[in-house]
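Read-outs throughout are calculated quantities, based only on the coordinates presented, and are distinct from any laboratory measurement. Predicted model only: the values in this text are computed from it and were never measured. Cβ placement follows ideal geometry from the backbone for every residue including glycine, while neighbour counts extend to all protein chains displayed.
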Amino acid sequence: MNQTGKEYVAEKAKELMDSHTCCAEAREAAKAWLDALGTDREAEAAENLIAELQEDLMPVEQLIAFAESEAGAGVFGDKAGEVAAHGKAIKEAGGKYCDCPACVAVEAILKKKEEIL
């Protein structure tokens, strides 16, 4: 990957790690990739990062279903209805994925996956 591409993905990986909506596994994979940059572990760390992020990116339909479930109510509390409505608005606007900070960073990284693999 060219340096500009690496810098872009590194920036997005840091945004992901800093996001309050980032899960521990994604944060760990992003950190491992950043730590491996420029080493013989970089390719393996990139593969691990991409595999983790592909599991974590939440399709908007899944967001809606979760927000409308009992488990979603447990996570979102009184805001569950608002989250479901927001998900429906994303879908109606043609969006495919959740637009929380972590999912936005994940989607940006995945668009560059061919450049880091």
(request) Please state the charge dipole magnitude for the chain, taken about the Cα centre, from unit charges on C-beta atoms (+1 on K and R, -1 on D and E), reported in debye and rounded to the nearest 20. (result) 280 debye
(request) Can you tell me the 0 to 90 degree angle between the C-alpha axis of helix 3-18 and the longest principal axis of the chain, rounded to 10? (result) 40 degrees
(request) Output the pairs from 14/111; 12/113; 31/96; 6/31; 6/113 with a Cα-Cα distance over 22 Å in this structure; if there are none, say none. (result) 31/96
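How much length would be gained if the chain were fully extended between residue 40 and residue 92, taking 0.36 nm per residue of separation minus their Cα-Cα distance, in nm to one decimal?
That pair, residue 40 and residue 92, stretches by 14.3 nm at full extension.
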(message) To test your reading of the geometry: what angle, between 0 and 90 degrees and rounded to tens, separates the Cα axis of helix 42-56 from the longest principal axis of the chain?
(response) 10 degrees
(request) Specify which residue in the list 8, 29, 53 is farthest towards the positive end of the charge dipole of the chain, using unit charges on the beta carbon of Lys, Arg (+1) and Asp, Glu (-1), about the Cα centre. (result) 8
(message) Viscosity 0.692 mPa s, temperature 37 °C: what is the translational diffusion coefficient of the chain from Stokes-Einstein with a Kirkwood Rh over Cα pairs, rounded to a whole number of µm²/s?
(response) 220 µm²/s
